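What follows is a single structure, written as structure tokens, with notes after it.
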Amino acid sequence: MSRPLSDYEKRKQISVRGLAGVENVSDLKKNFNRHLHFTLVKDRNVATPRDYYFALAHTVRDHLVGRWIRTQQYYYEKDPKRIYYLSLEFYMGRTLQNTMVNLGLQNACDEATYQLGLDMEELQEIEEDAGLGNGGLGRLAACFLDSMASLGLAAYGYGIRYEFGIFNQKISGGWQVEEADDWLRYGNPWEKARPEYMIPVHFYGRVDHGPDGTKWIDTQVILALPYDTPIPGYRNNTVNTMRLWSARAPNEFNLKDFNVGGYIQAVLDRNLAENISRVLYPNDNFFEGKELRLKQEYFVVAATLQDIIRRFKSSKFGSRDPVRTSFEAFPDKVAIQLNDTHPSLAIPELMRVLVDTEKLDWDKAWDITVRTCAYTNHTVLPEALERWPVHLLETLLPRHLEIIYEINQRFLDRVNAMYPGDLDRLRRMSLVEEGSIKRINMAHLCIVGSHVINGVARIHSDILKKTVFKDFYELEPHKFQNKTNGITPRRWLVLCNPGLAEVIAERIGEEYISDLDHLKKLLAFVDDEGFIRDVAKIKQENKLKFAAYLEEEYKVKINPNSLFDVQVKRIHEYKRQLLNCLHVITLYNRIKKEPNQYFVPRTVMIGGKAAPGYHMAKMIIKLVTAIGDVINNDPVIGDRLKMIFLENYRVSLAEKVVPAADLSEQISTAGTEASGTGNMKFMLNGALTIGTMDGANVEMAEEAGEENFFIFGMRVEDVEEMDRKGYCAKDYYDRIPELRQVIDQLSSGFFSPKQPELFKDIVNMLMNNDRFKVFADYEAYIKCQENVSALYRNTKEWTKKVIKNIATSGKFSSDRTITQYAREIWGVEPTRHKIPAPDDPRE
Ligand SMILES: *Cc1c(COP(=O)(O)O)cnc(C)c1O
């Protein structure tokens, strides 16, 4: 087995990292020292590693500035259609290395830090993740920003600058403990506050229908302070903007009518107003109807729409015509993409501005709104769909509630005209749900108020049309589209797996980095001994490096020659981490039964955060650690089987574990995972997938060829049929002895000897109340895992399948996804045309 390359060796050989020209390197060193002195106010005697990180970050940031200003100036001059991606989450991760990759500065910076006697990887590890997201939805937004910039679109990400991102997960006694994510503590060198563009946002108050129009009055005002982060495209000199809003109390906040002693309290109460942008709600695929969350959703929408309209009016185009005619052009100059229903208030808010402020008539305003907005649906799970109680909207946003009612009235009139007297249809399609608590169905609002609605994988988009939004599809079939998700190959290959990126570039050049379909050319190398060896060698190096990381950080030793079997994603019943657990226990029982049989060694790693209020998810984490405690310390097992819980799974940990994985677990119940994007990261990085026919797995298997994919279990149709006939877990328990043994062990406290009852909730759920039918796929899963192990014994055949997977993963670039959004929803054309670079050699 070969040792990992040293950094120095990598520096010499790697071409995808950009050039390390002598002038480049000496300038970088000079600027690094300048920032250490003038920005950090330190010299090398007293500088800490963090000072060095910040000096490097500022040095790299300088290279963005000229490009950023020029790009925005270019947009002003050319006035292209602007694309606004509205999202409550942007799961960005770290920025330093991504900036170096996209600017082609990586090699030069490596060399500069090396010559300065600093360790680049150590500096990069100091950067906090920008964890402003929960999982797939937030990470998708981040990948989209990278692709939109790389494709030269005049795009903006708009969201909230949470002071606390997704919590840090600690494991204590096998349980998850949440810790606040104070990511801004040491400052954020990548953002620029823009107090000059502060915007007022109104809440509460009442509606006055006076003779000169409708007015929303007596409101409370909170200010939205924008922070801009540059989003560089891949080597095209484009730098777009992500603008995140922070809540500020106005200086006169609560001071209007204070009495003696009220002043201090009034100043202290400013915190209440500023709580709006304090913390990210940590739920993945779950709706929690809290007022503060509703405030966040309106806050981002109201500030963003004012910004959009201000930019439209001040654009060359918008300012030429009088307001009334210029708004006719609004949908030609502006596209608003709603990332799930979280920013759905954009629809009534745009109506409010156009009707109440700009005095357009309703029909004109509605036409503009619908043609401007488009909605992406991310889930069909009922518990995830936003249905806001009317009483919350009534007090917080009274005018918006009126507008929603008006939208609903006009919509139901249309439906009634199409299907006269079909009262049940009217009830099903209404934006307003009657019941003990009256609610607004935000997905219905989005469908009615958008010109396009899309799902995020083919199977998911089909399910939307066939089931959840069937009535809406019947009414307006032309609105429904599919946009299969993707990931950016810059972060998810070039950045996280430079070894693989390089051996690919050696065979097919570097063009694949901005046009991932070029990976197809690797099919010519499937039988190439040299390439097979290189791919296997890189994987082994990545595994050794990850094993070293686990040992260093967590003091756990794993066998780097074992099969790395990885399931990392938010912990959720529908994702079926429990099915994985049942497999691990089954393997354990098999080894114990026949300890002298040969066994393909496996290290099973499960990682992910549980929403703090999700009891079952937290129990699943405890179960994984409890299984590990038994298995990992059993001398009969040795290093043939290990179960590791990967603590605090986040973007920067994904960048480490994905390149080291042999097997990717994508085992959700068919019909429940909308797309998944973790699945794509693994495919691109040379893991094979064991998965159900769910989400994007379906299209991944289609691209790779089913013979190169480990597909198992029920299809959507099977699940539907089982729902009709009824799922009975007990039948499987009675029929399958190995399953029965596993469940009996869980029930009897085999994995929790000090608390035999500990896992009774899990067993009870699996036996009596399992919405996700774990037992129904158990046998097929175990069988499929046997095929995985058998193939793994033949490194060459395994690696050939790996190469076929990498070669056919091109479809899952977010560049392809964004190109389709651009052409089929936004009506703009992507380009790899380069904006001219700035003259300053530093830039
Ligand atoms: C990609 C990613 C996800 C999404 O993973 P799925 O397996 O698609 O759910 C979640 N969290 C992080 C940190 C990611 O990078």
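The values are calculated or read from the model by the stated rules, or taken from the named source; none is laboratory data. These numbers were taken from a predicted model, which means no experiment stands behind them. All Cβ positions, even for glycine, are placed from backbone atoms using ideal geometry, and neighbour counts span all protein chains on display.
Out of the stretch 750-791, which residues are crowded, with 16+ Cβ neighbours inside 10 Å, in a loop (DSSP other than H, G, I, E, B), of a type outside the set (K, R) and out of contact with any Leu (no Cβ under 6 Å at 6 or more places or on another chain)?
Scanning the stretch 750-791 gives F750, F751, L758, D770, F772.
Let's see how each residue does on (1) among the hydrophobic types (A, V, I, L, M, F, W, C); (2) without any contact (Cβ under 8 Å) to a residue 24 or more places away in the chain:
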residue	(1), (2)
V46	yes, yes
Y76	no, no
M92	yes, no
T95	no, no
N107	no, no
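Restricting attention to the stretch 137-167, which residues are small (G, A, S) and farther than 26 Å from R235 by Cα? Even if it seems obvious, please write down each step before you answer.
Kept after step one, since they are small (G, A, S), are these residues of the stretch 137-167: 138, 141-142, 147, 149-150, 152, 154-155, 157, 159, 165.
Result: G165, single match.
Take the stretch 525-567 and flag every residue that is hydroxyl-bearing (S, T, Y) and either in contact with a Ser or Thr (Cβ under 8 Å, 6 or more places away or on another chain) or within 18 Å of N794 (Cβ to Cβ) (or both).
Scanning the stretch 525-567 gives a single hit, S562.
Of the residues that make up the stretch 619-634, is at least one more than 26 Å from L381 (Cβ to Cβ), crowded, with 24+ Cβ neighbours inside 10 Å and of a type in the set (S, T, N, Q)?
Looking through the stretch 619-634, none of the residues is more than 26 Å from L381 (Cβ to Cβ), crowded, with 24+ Cβ neighbours inside 10 Å and of a type in the set (S, T, N, Q).
Suppose the filter is buried (at least 18 other Cβ atoms within 10 Å of the Cβ), among the hydroxyl-bearing types (S, T, Y) and in contact with a strand residue (DSSP E or B) (Cβ under 8 Å, 6 or more places away or on another chain); does T214 pass it?
no
Only residues in the stretch 555-572 that are touching a residue at least 40 places away in the same chain (Cβ under 8 Å) and in a loop (DSSP other than H, G, I, E, B) count as the first member; pair them with residues that are within 16 Å of the ligand (Cβ to nearest atom) and of a type in the set (D, E), Cβ under 8 angstrom, at least 6 apart or cross-chain, and list the lot.
R570/D284; H572/D284
Just to be sure I understand the filter: pairs with C-beta atoms under 8 Å, separated by 6 or more residues or on different chains, first member in the stretch 648-660 and touching a residue at least 40 places away in the same chain (Cβ under 8 Å), second member more than 8 Å from the ligand (Cβ to nearest atom) and hydroxyl-bearing (S, T, Y). Which pairs pass?
Partner pairs satisfying both residue conditions: K656/Y549.
Which members of the stretch 88-138 meet the condition of being within 16 Å of the ligand (Cβ to nearest atom), among the acidic types (D, E) and closer than 20 Å to N497 by Cβ?
Matches in the stretch 88-138: E127, D129.
Does the stretch 792-806 hold any residues that are farther than 24 Å from L140 by Cβ and surrounded by 16 or more Cβ atoms within 10 Å (Cβ to Cβ), and which are they? Steps first, please.
Of the stretch 792-806, the ones farther than 24 Å from L140 by Cβ are 792-804.
If the condition is that a residue be farther than 24 Å from L140 by Cβ and surrounded by 16 or more Cβ atoms within 10 Å (Cβ to Cβ), then Y792, W798, T799, K800, K801, V802, I803, K804 are the ones that fit.
Would you call A687 within 23 Å of V600 (Cα to Cα), in contact (Cβ under 8 Å) with a residue 12 or more places away in the chain and among the small types (G, A, S)?
So A687 passes the test.
Which of the following residues is basic (K, R), more than 16 Å from the ligand (Cβ to nearest atom), modelled with pLDDT of 95 or more and over 22 Å from N794 (Cα atoms): K593, K609?
Residue meeting the stated conditions: K593.
Between G713, G705, G695, G678, which is more than 16 Å from the ligand (Cβ to nearest atom), closer than 27 Å to T603 by Cα, surrounded by 20 or more Cβ atoms within 10 Å (Cβ to Cβ) and not basic (K, R)?
G713
Report, ordered by the first and then the second residue, all pairs with beta carbons closer than 9 Å, sequence separation of six or more or different chains, a first member in the stretch 369-383 that is within 23 Å of I83 (Cα to Cα), and a second member that is assigned to a helix (DSSP H, G or I) and among the polar types (S, T, N, Q).
Going by the 9 Å Cβ cut-off, the qualifying pairs are N377/S461.
Looking at N237, N254, which one is touching a Ser or Thr at 6+ places or on another chain (Cβ under 8 Å) and either buried (at least 19 other Cβ atoms within 10 Å of the Cβ) or modelled with pLDDT under 95 (or both)?
N237
Specify the residue that is surrounded by the fewest Cβ atoms within 10 Å (Cβ to Cβ); the eligible residues are those in the stretch 496-511 that are in contact with a Ser or Thr (Cβ under 9 Å, 6 or more places away or on another chain) and part of a helix (DSSP H, G or I).
E506
If Y727 passes every condition in (1) more than 16 Å from the ligand (Cβ to nearest atom); (2) part of a helix (DSSP H, G or I); (3) not acidic (D, E) but one, which one does it miss?
It is condition (2) that Y727 fails.
Which number in (1) closer than 23 Å to K754 by Cα; (2) aliphatic (A, V, I, L, M); (3) away from the ligand (no atom under 16 Å from the Cβ) marks the one condition that I620 misses?
(3)
Go through the stretch 268-289 and give me each residue that's in a loop (DSSP other than H, G, I, E, B) and either closer than 24 Å to P250 by Cβ or among the small types (G, A, S) (or both).
Passing the criteria: D269, R278, G289.
Taking the residues in the stretch 451-489 that are closer than 25 Å to F411 by Cβ and among the hydroxyl-bearing types (S, T, Y) as candidates, determine which candidate is surrounded by the most Cβ atoms within 10 Å (Cβ to Cβ).
Going through the qualifying residues, I end up with S461.
Check the stretch 63-70 and report whether any residue there is out of contact with any strand residue (DSSP E or B) (no Cβ under 6 Å at 6 or more places or on another chain), farther than 28 Å from A335 by Cα and either buried (at least 16 other Cβ atoms within 10 Å of the Cβ) or of a type in the set (S, T, N, Q) (or both).
yes
Out of (1) under 30 Å from N561 (Cα atoms); (2) touching a residue at least 60 places away in the same chain (Cβ under 8 Å), what's the single condition that is false for E779?
In the conditions (1) under 30 Å from N561 (Cα atoms); (2) touching a residue at least 60 places away in the same chain (Cβ under 8 Å), E779 misses (2) alone.
Between K681, K725, K730, which is within 20 Å of the chain's Cα centre (by Cα), farther than 14 Å from R576 by Cβ and not β-branched (V, I, T)?
Numbers: K725 fails: within 20 Å of the chain's Cα centre (by Cα); K730 fails: within 20 Å of the chain's Cα centre (by Cα).
That would be K681, the only listed residue that is within 20 Å of the chain's Cα centre (by Cα), farther than 14 Å from R576 by Cβ and not β-branched (V, I, T).
Restrict the check to the stretch 792-801 and report whether at least one residue is under 30 Å from V719 (Cβ atoms), free of Cβ contacts under 8 Å to residues at least 60 places away in the same chain and in contact with a Leu (Cβ under 6 Å, 6 or more places away or on another chain).
There is no residue in the stretch 792-801 that is under 30 Å from V719 (Cβ atoms), free of Cβ contacts under 8 Å to residues at least 60 places away in the same chain and in contact with a Leu (Cβ under 6 Å, 6 or more places away or on another chain).
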